[in-house]
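The values are calculated or read from the model by the stated rules, or taken from the named source; none is laboratory data. The structure presented is a predicted model; accordingly, all values stated were derived computationally and were not measured. Note that each Cβ is placed from the backbone with ideal geometry, even for glycine, and that neighbours are counted across all protein chains shown. The accessibility values were calculated without ligands, DNA or RNA, using every heavy atom of the protein model including side chains. Shrake-Rupley method; radii C 1.70, N 1.55, O 1.52, S 1.80 Å.
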Amino acid sequence: MSPDTALGRRDRARAFVPELIPEPQDLDRTGPLDAKEQQQLDRIHAARDHHQAAKWMRGKALEAAFRRHLFRGEDGKRTRQEYLDDEWDGISESAAYREISEWPLAQEISATCERPAPDSHVRALLDVAGAKGHQTVAHWYAELRRHGQQTGRRVTADAVANLADFLRTGTDPKRLDGLFAPRQIQPASGPSGRAGRGSGAPVTGPVVAPAQE
C-alpha cells in the first residue's frame, strides 16, 4: 500500500472536523490532480456531505423535541411556535414539520449510498417513499446514482422524477438508462383546444415502460 493510499484511508476513517477543510487560497495549477490535491478535494466533499447529513439530524432533533413535548419550557407553558422562535431562529411550524417529514428518507438514502442526497432529490421521492417504503426508494436511488457514475451521467432532478414515476407504477426499473431521458412536456392546449396539463407539468414518455433486458 502506498503512503498516499494509507493517508487517504486514515483520513476517511476520521470524524469530520472543520480543520480538515483546506484554506481557500489562489493557486495557479493545471493538469491532473496529484495525490495531495485529491485528498484536499475529498475533504471538501466531506464538508459538503457533513452539512447534508446534519440536515436530516436537524429534522430528527425537531421531531424528538415535538413528540417528547420538550418544547414546553421550564414553566410548562411554552408553545411549539414559541419554542421555534426561541431556539430555531423563528422558523414556522409548517417548515419544522416539513423537515420532520423528510429526515427518515434522507437518513436511509445517506446510509444506503454512503453519502447524503440533495434536499430536492429527497423531496421528489418523499411521497413514493410513503407508499413503497424508505428502504425500497433508497435502494433504487442508490442504483440510479451508481448507474449514473458508471455511465458518466449526472443524476438530475429529471432523472429522480422519472425514478419516482417508475416506483409509483409498482414496477421496478429493469433498465436504468431510460430514467436519464429528459422529462417530456405536453403543450398547453390539445387538439380539441382545451387546456391540457400545466405548461410546466412533466409527464413521462418512453421511460415509463422500458424494454426488458
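Name every residue in segment 64-83 that is open to solvent by 80 Å² or more (accessible area, probe 1.4 Å) and either over 28 Å from His121 (Cα atoms) or of a type in the set (A, V, I, L, M, F, W, C) (or both), in order of residue number. Outline the logic, then answer.
Applying the first criterion (open to solvent by 80 Å² or more (accessible area, probe 1.4 Å)) to segment 64-83 yields 67-70, 72, 74-75, 77, 82.
Correct list: Arg68, His69, Leu70, Arg72, Glu74, Asp75, Lys77, Glu82.
Taken over segment 142-163, the criterion of being under 12 Å from the mean Cα position of the chain (by Cα) and either closer than 11 Å to Asp177 by Cα or not small (Gly, Ala, Ser) (or both) is satisfied by Arg145, Val155, Thr156, Val160.
Within segment 47-56, is there a residue that is modelled with pLDDT under 90, surrounded by 13 or more Cβ atoms within 10 Å (Cβ to Cβ) and farther than 22 Å from Leu105 by Cβ? Yes: segment 47-56 contains one or more residues that are modelled with pLDDT under 90, surrounded by 13 or more Cβ atoms within 10 Å (Cβ to Cβ) and farther than 22 Å from Leu105 by Cβ. Inspection of segment 19-28 identifies at least one residue that is in a helix (DSSP H, G or I), exposed (fewer than 12 other Cβ atoms within 10 Å of the Cβ), modelled with pLDDT under 85 and over 22 Å from the mean Cα position of the chain (by Cα). When the residues of segment 124-170 are filtered to those that are free of Cβ contacts under 8 Å to residues at least 24 places away in the same chain and either aromatic (Phe, Trp, Tyr) or part of a helix (DSSP H, G or I) (or both), the one that is nearest to Trp103 (Cα to Cα) is Gly130. Across segment 84-109, the number of residues qualifying as open to solvent by 30 Å² or more (accessible area, probe 1.4 Å) and either within 19 Å of Ala53 (Cβ to Cβ) or not in a loop (DSSP other than H, G, I, E, B) (or both) comes to 14.
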